[in-house]
1. Using amide H atoms built in the peptide plane, which far-off residues or other-chain residues are under 5 Å from ILE319 H to H?
2. Which net charge results when you count Lys and Arg as +1 and Asp and Glu as -1 among the other residues whose beta-carbon is under 14 Å from that of GLU56?
3. Pull up the DSSP beta bridges for segment 78-164 and report the antiparallel fraction as a percent, rounded to 5.
4. Mean-square fluctuation check for the chain, GNM, Cα pairs under 10 Å: which of SER229, SER106, SER119 is largest?
5. Considering the dipole of segment 79-339 built from charges on the beta carbon (Lys and Arg +1, Asp and Glu -1) around the Cα centre, which of SER150, HIS308, THR208 is farthest to its positive end?
6. Run lengths n ≥ 4 of DSSP H only: what is the helix-derived mean residue ellipticity at 222 nm for the chain, with -39500 (n - 2.57) per run over all residues, to the nearest 500?
7. Rounded to the nearest whole Å², what accessible area per residue is found for segment 79-339 with the 1.4 Å probe?
8. Length gain on complete extension for the stretch ASP202 to ASP97, per 0.36 nm per residue less the alpha carbon to alpha carbon distance?
Amino acid sequence: MKKNLFGLTLTELERELAPLPKFRAKQIAAHIYKHGMKTFDAMNDLPKNLRGELAERYEIKIADIKKQLDSSDGLTTKFLLGLADGAAVEVVLMRHDYGNSVCISSQVGCQMGCKFCASTLKGLERNLTAAEMLGEIFFVNEFLGKVVDSVVIMGTGEPLMNYDALIKMLRLAHEDYCLGMSYRKITISTCGIVPAIKKLRDEKIPVTLSISLHAPDDKLRSALMPINSAFDLKSLLAAGNDYAQSTGRRVTYEYILLGGVNDTEEHARRLAKILSGQLANVNLIPFNPVDERTFSPPTNHAVKKFFHFLNTHGIGATIRKEMGADVNAACGQLRAKTLRQRITPLKNFSTS
Ligand code: SAH
């Protein structure tokens, strides 16, 4: 089998291609990452015999497209991408008025077990590699014919449970020879893996952190999100606050509004209380119905009331604009519908 060069850092390319001189690795990196080349044949500045030798040993491959769904308003496009081993991941392109944003997956499936989410229904199949995550971004760049303006790691999976590959991908995307992407244009969304949030703070890569909160007290949060039994609200809010203070970056707390479950004024009051004094804002997400889940969306009235309460009690809140509901853009819904393979759930929460 040929080795895939896509996703290697410059140092890894130099090592892989030794004893070729280092400038060759640089040329090849530019062809892969700047010019999007998929064959060696087109690399005109390499000697012809070298191109032939490279083609015998290596390939340059990102994912194959399996499905494309466009929302009726033309703003959202969802892709199902096929990976080398046959696994499939979802990627969503959102065309906002402030630029193009891509939402990528970090794992195939998810082991976190949140009760409202479709991505976790069949457990975790495997982690994505750094190359596969970077490939999701490149796929959309090639589709658009230009580099996306921002990246959110909010698709299927828990990014902080795939920590090393995530950090490798972020650093590579940031390199000038790759996408030269500013860390500020990247958002990581987590269900609250507290030790990994602390580790991320120390990486000195000022990405935006988004924490999926969804409940203002431990009892309700543990019922909705099993991870809360491992890392409770107090430790999560402390880690979020610490991240904000250390990086100077405002943390976003995501709050899904589930009709009749966590959407009353009393919940809003408790949420405002636990977030008071934090460098934070709240993004309210009206629940996106999932076939296999029994929750209901909130009423419009409840959403507006909740939003108003937070904003008049010192907590900046926004309501997530619903995008692409008609293309199953909510987490994991497309993949869940097309899933054929059997997946074995993993039980351990390891963060290293
Ligand atoms: N594991 C990470 C990222 C993936 S989930 C995390 O938990 O943040 C991305 C966001 O979508 C999370 O805030 C998640 O709670 C939310 N989400 C999941 N299912 C949803 C649904 N059916 N409707 C609305 N939001 C949902």
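The values are calculated or read from the model by the stated rules, or taken from the named source; none is laboratory data. Since the model is a prediction, treat every value here as computed from it, not as a measurement. All Cβ positions, glycine included, derive from the backbone under ideal geometry; neighbour counts span all protein chains shown. Just so you know, the surface numbers come from the protein's heavy atoms only, side chains and all, with ligands and any DNA or RNA stripped out. Shrake-Rupley method; radii C 1.70, N 1.55, O 1.52, S 1.80 Å.
1. For ILE319, whose amide H was placed from the backbone, the distant partners under 5 Å are LEU284.
2. +2
3. 80
4. Residue with maximal mean-square fluctuation among SER229, SER106, SER119: SER229.
5. Going by the charge dipole, the pick is HIS308.
6. Only helices count here, giving -9500 deg cm²/dmol.
7. Value returned for segment 79-339: 39 Å² of accessible area per residue.
8. Value of the extension gain: 34.5 nm.
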